[in-house]
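Worksheet for the structure shown next.
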Amino acid sequence: MSSKRSYDLARRLELGALALEAFADSLTESEWQSRVPGDGRKIGVVVHHVATMYPIEIELAQTLAAGQPVEGLTWDVVHKMNAEHAQQNDRVMKAETIDLLRHNSAMAAAGIRAFTDEDLDRAAPVSLNGNAPLTCQFIVEDHALRHSYHHLALIRAALAKQRLAVLVA
């Protein structure tokens, strides 16, 4: 049985994924294919990225919940992984991406609900963060939970800027 904290964390993740899903589903094909300024990836690729990262992010949290350090994960590794993902998924389709987002966010929420309060409080060094001893809950919140909200805000801002440019032109 999950703790109230793990249930609440999982629910927050689900709400973020649902918000990203609803917004992504509303996009035109042109918007889906447009690029996020400063990021360079297509909006569809970014949505797919969020969906594909859930299992990895939960695995990191499970590592910490087990009291094990996260080793070998650096920002260079993250940037390389993101670049490879973008290249391999440049033509990703909206329907398959939304299905993946639904599936992987549900799996991530289930993984979070499996954590006890003790799991959430357990800390170990995380190489991505200078080997700071971070808690499982921090990793859940800063990665899996935050991810959809973060990219949804960037996508909304990019589309608002594009729409404004069209109105001004």
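Run the helix sum for the chain: -39,500 (n - 2.57) per DSSP H stretch of 4+ residues, divided by residue count, reported at 222 nm to the nearest 500 deg cm²/dmol.
Values: 8 runs with 117 residues, N = 169.
Roughly -22500 deg cm²/dmol at 222 nm, from the helical runs in the chain.
Can you give the charge dipole size of the chain about its Cα centre, rounded to the nearest 20 debye, using +1 on the beta carbon of Lys and Arg and -1 on the beta carbon of Asp and Glu?
540 debye
I need the GluC sites (Glu not before Pro) found in the range 26-117, filtered to DSSP loop residues with at most 15 other beta carbons within 10 Å of theirs.
Qualifying residues, ordered by number: GLU71.
Could I have the simple spin-label model distance between SER30 and GLN68, label points 7 Å from Cα toward Cβ, reported in nm to one decimal?
Distance between the two pseudo-spin positions: 4.9 nm.
Based on the Cα atoms of the chain, what semi-axes does the equivalent ellipsoid have, where each is the square root of 5 times one gyration tensor eigenvalue, given in whole Å with the largest first?
Taking √(5λ) for each Cα gyration eigenvalue gives 30, 18, 13 Å.
With only Lys, Arg, Asp and Glu charged, each at its Cβ (+1 for the first two, -1 for the last two), find how big the charge dipole of the range 58-149 is about the Cα centre; round to the nearest 20 debye.
Dipole of the range 58-149, to the nearest 20 debye: 280 debye.
May I ask you to derive the relative contact order of the chain, considering only C-alpha pairs under 8 Å and at least 6 residues apart, and to give it as an integer percent?
Rounded, it is 38 percent for the chain.
What's the ranking of 86-92, 102-108, 60-66 by average number of surrounding C-beta atoms within 10 Å, highest first?
Top of the packing list down: 60-66, 102-108, 86-92.
Please arrange THR135, THR74, THR97 by counting, for each residue, the other beta carbons lying within 10 Å of its beta carbon, fewest first. Before the final figure, lay out the partial values.
Numbers: THR135 18, THR74 11, THR97 24.
The order, fewest Cβ neighbours first, is THR74, THR135, THR97.
Express in nm, to one decimal, how much length is gained between HIS103 and LYS4 on full extension, taking 0.36 nm for each residue of separation and deducting their alpha carbon distance.
Working: separation 99, 0.36 × 99 = 35.64 nm, distance 2.29 nm.
Contour length minus the Cα-Cα distance gives 33.4 nm.
If you rank LEU100, LEU15 by fewest surrounding Cβ atoms within 10 Å, what's the result?
LEU15, LEU100
We did not get these values from a lab; they are worked out from the coordinates using the rules stated. Treat the numbers as computed from the prediction; the structure is a model and nothing was measured. We place every Cβ from the backbone using ideal geometry, glycine too, and count neighbours over all the protein chains shown.
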